[in-house]
1. Return yes or no: is K55 in a helix (DSSP H, G or I), at pLDDT 60 or above and within 23 Å of E120 (Cβ to Cβ)?
2. Here are some residues: I102, I108. Which one is without any contact (Cβ under 8 Å) to a residue 60 or more places away in the chain and over 16 Å from R53 (Cα atoms)?
3. Quickly run through region 36-91 and pick out the residues that are farther than 23 Å from G103 by Cβ, open to solvent by 100 Å² or more (accessible area, probe 1.4 Å) and without any contact (Cβ under 8 Å) to a residue 12 or more places away in the chain.
4. Anything in region 71-130 that is in contact with a helix residue (DSSP H, G or I) (Cβ under 9 Å, 6 or more places away or on another chain) and outside any helix (DSSP H, G or I)? List them, or say none.
5. Which of (1) open to solvent by 90 Å² or more (accessible area, probe 1.4 Å); (2) at pLDDT 80 or above does N2 not meet, given it meets every other one?
6. Can you spot a residue in region 20-27 that is open to solvent by less than 90 Å² (accessible area, probe 1.4 Å), among the polar types (S, T, N, Q) and at pLDDT 55 or above?
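The values are calculated or read from the model by the stated rules, or taken from the named source; none is laboratory data. Just so it is clear, the model here is predicted, and its values are computed rather than measured. Because the Cβ atoms are built from the backbone with ideal geometry, glycine has one as well, and the counts that use them run over all protein chains shown. Just so you know, the surface numbers come from the protein's heavy atoms only, side chains and all, with ligands and any DNA or RNA stripped out. Shrake-Rupley method; radii C 1.70, N 1.55, O 1.52, S 1.80 Å.
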Amino acid sequence: MNLFLKKMETSDNEQQFFSLVREHKSTIYTDAEFMSGDLVTVSRHLVKMRQQRKKLMVIEYFTLVIWLIWFYAELYCGFLAKVIDKAELIIMVICGLIGGIIGTILSIKFYQKKQNVTDEIIHQIKSLTR
């Protein structure tokens, strides 16, 4: 009951801010820690999360490049061993490239959206703590 009354007493900006943060939950920072911590601690955790996301993205793309090289090497070996004919090889290469390009574009957009939301939350915290 108190939580309901507390939500009613907060302003629209505060509700918008907290809903934005709740939507942007992270595995390194739980709701209980967020609600009991101060804004400076939350800001530090968000900066850390942002840096970890950037490192993870680099590792994911590096792993993807290695996997794609291996995949196309296996396709070429299958072509040389006469297991795959030329038409199948061309179809697999074209479909793989199209899927890879679409997947890369979508993952970059999602990554940028997450980073922008994190930056917005950090900016709002900085403006509130000044």
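1. Yes: the conditions hold for K55.
2. Going through I102, I108 in turn, just one is without any contact (Cβ under 8 Å) to a residue 60 or more places away in the chain and over 16 Å from R53 (Cα atoms): I102.
3. Result: R44, Q51, L80, K82, V83, K86.
4. Scanning region 71-130 gives V83, I84, D85.
5. Failed condition: (2).
6. No, region 20-27 contains no residue that is open to solvent by less than 90 Å² (accessible area, probe 1.4 Å), among the polar types (S, T, N, Q) and at pLDDT 55 or above.
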